[in-house]
Amino acid sequence: MRRFIVIVLDGFGIGAMKDVGEKRPEDIRSNTCRHILEKIDGLYLPNLEKLGLMNALGEEIGRMKFSKDANFGKSDLMHFGADTFYGHQEIMGTDPKLPKKAPFRDYLDVVEERLKEKNYKVERVTREGNQILLVNDYVTIGDNIETDPGQAYNVTSALDHISFREVTEIAKVVRKEVEVSRVITFGGNNVTKENLIGSIESKDNHYIGVNAPKSGVYESGYQCIHLGYGINPDVQAPTILGKAGHKVVLIGKVQDIVFNDYGTSIPGVDTETVLKETLHQMNEMKEGFICTNVQETDLSGHAENAERYAEKLSIADGYIGKIIEELHGEDILIVMADHGNDPTVGHSRHTREMVPMLIYKENLKNAEIGHRQTLSDIGATVLDYFGEEKPENGTSFLNKL
């Protein structure tokens, strides 16, 4: 067997990075792992303990103790802020570029012009002095009003009337002209033009967009892809591996946000579902790469609900144990995170934290990979494992395993 499995416990950080005082002072006391263990009395995660979670954290808490045989390390985030999308791009080997923050109105004229040049029908819809674009009657382009202002633009669509492929082509025109972090491209069935226009809202006098939950796009036939600033799939692990003929499977939220044109992408949010699917894909695979995102930990952090977070960790821990039982020979498992999301820190946003890197390989003990400077070291190690070219960013630690 030659399988490399990466499980990302979304938002499960192990302490604020050194730069938060300057870059994100609201995160200065954040430590997702420590605070959940302190708050939930008696919480015990035996498989994460065995893998070295406390070793990576650097302290024992409650029932959770150091592991004498653990293979572990930790990593800083190279990407700005603390972001799931950019965290996963970094994991896959991307050197993060710093995007701009700006309302869509700053780009509205040039995006409208480019779309018209490509013979799209483009109209403007006005609310409270701000304008959004309506393209080919069933696609809106405006601000994402559900995240931090100016970080992302939404391309929202009614998929009974236009194909998702066509919507993505429209979004690519937008992506080429704008410099914000993400152009989030999505749509659903049983949605009308009136649903989209009726859900347009203005925010803070500068931002305008479709209220996505209100529009109904999530309810049936939902499809989504995130187009990120400065992202080149050709220098990332999934594309490099897929082009070389290796099997690649992305499961859970990672399949929404990482390009995998040569592999298999499987959606899912429920923790048990995505980890059961991981086991299934492992059993179907003799050689290849799997990355699974456990999203419900992150959602629990956003809800500031430590109890729910602990429940999802317990489910994940149980399945991690089952996954370990199926690993043999040269198989490698890495359990990690993409940032923090401390439910006790006093706000509901991601937290800029270091993340654990917990490693399992049959008969491997006491391998320490140290304090890494970028999550891209994962992508570099994956590609080194399969004997393929390096990604854009990162340094392999395969020689330590």
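The values are calculated or read from the model by the stated rules, or taken from the named source; none is laboratory data. Because the structure is a prediction, the values reported are computed rather than measured. Quick reminder, even Gly has a Cβ in these numbers, built from the backbone with ideal geometry, and neighbours come from all protein chains shown.
The test for being at pLDDT 95 or above, charged (D, E, K, R) and not in a loop (DSSP other than H, G, I, E, B) does not hold for residue 22.
Would you be able to say whether some residue in region 101-118 is outside any loop (DSSP other than H, G, I, E, B) and small (Gly, Ala, Ser)? Walk me through it before giving the result.
Restricting attention to region 101-118, the residues satisfying the condition of being outside any loop (DSSP other than H, G, I, E, B) are 104-106, 108-117.
Narrowing further to those that are small (Gly, Ala, Ser): none.
Looking through region 101-118, none of the residues is outside any loop (DSSP other than H, G, I, E, B) and small (Gly, Ala, Ser).
Of the residues making up region 245-260, those that are farther than 22 Å from residue 181 by Cβ and either in contact (Cβ under 8 Å) with a residue 12 or more places away in the chain or in contact with a Cys (Cβ under 9 Å, 6 or more places away or on another chain) (or both) number 5.
For region 233-270, residues that are of a type in the set (Ser, Thr, Tyr) and in contact with a Phe, Trp or Tyr (Cβ under 8 Å, 6 or more places away or on another chain) total 1.
Please tell me if residue 222 is at pLDDT below 95 and either buried (at least 23 other Cβ atoms within 10 Å of the Cβ) or among the aromatic types (Phe, Trp, Tyr) (or both). Yes, satisfied. For region 166-206, the tally of residues that are part of a loop (DSSP other than H, G, I, E, B) and either within 30 Å of residue 95 (Cα to Cα) or not assigned by TED's automatic domain parsing to the domain that holds residue 112 (or both) stands at 3. Please indicate, with yes or no, whether at least one residue in region 147-160 is at pLDDT 95 or above and either part of a loop (DSSP other than H, G, I, E, B) or in contact with a Pro (Cβ under 7 Å, 6 or more places away or on another chain) (or both). Yes, the conditions are met somewhere in region 147-160. Just one of the listed residues (114, 63, 127) is over 23 Å from the mean Cα position of the chain (by Cα) and at pLDDT below 95, namely 127.
Matching residues to (1) in contact with a Leu (Cβ under 7 Å, 6 or more places away or on another chain); (2) exposed (fewer than 14 other Cβ atoms within 10 Å of the Cβ); (3) among the polar types (S, T, N, Q):
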{"residue": "34", "(1), (2), (3)": "yes, no, no"}
{"residue": "40", "(1), (2), (3)": "no, no, no"}
{"residue": "53", "(1), (2), (3)": "yes, no, no"}
{"residue": "69", "(1), (2), (3)": "no, yes, no"}
{"residue": "80", "(1), (2), (3)": "yes, no, no"}
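A Cβ distance below 9 Å, combined with a sequence gap of six or more or placement on separate chains, defines the contacts here; from region 16-32, residues that are in the same structural domain as residue 344 (by TED's automatic domain parsing) and under 18 Å from residue 74 (Cα atoms) reach residues that are in a helix (DSSP H, G or I) and of a type in the set (Phe, Trp, Tyr) in the pairs 32/309. Look at (1) touching a strand residue (DSSP E or B) at 6+ places or on another chain (Cβ under 6 Å); (2) acidic (Asp, Glu); (3) not assigned by TED's automatic domain parsing to the domain that holds residue 179 and you find that residue 90 fails only one, number (1). Out of 122, 191, one residue alone is closer than 21 Å to residue 220 by Cα and touching an Asp or Glu at 6+ places or on another chain (Cβ under 8 Å). It is 191.
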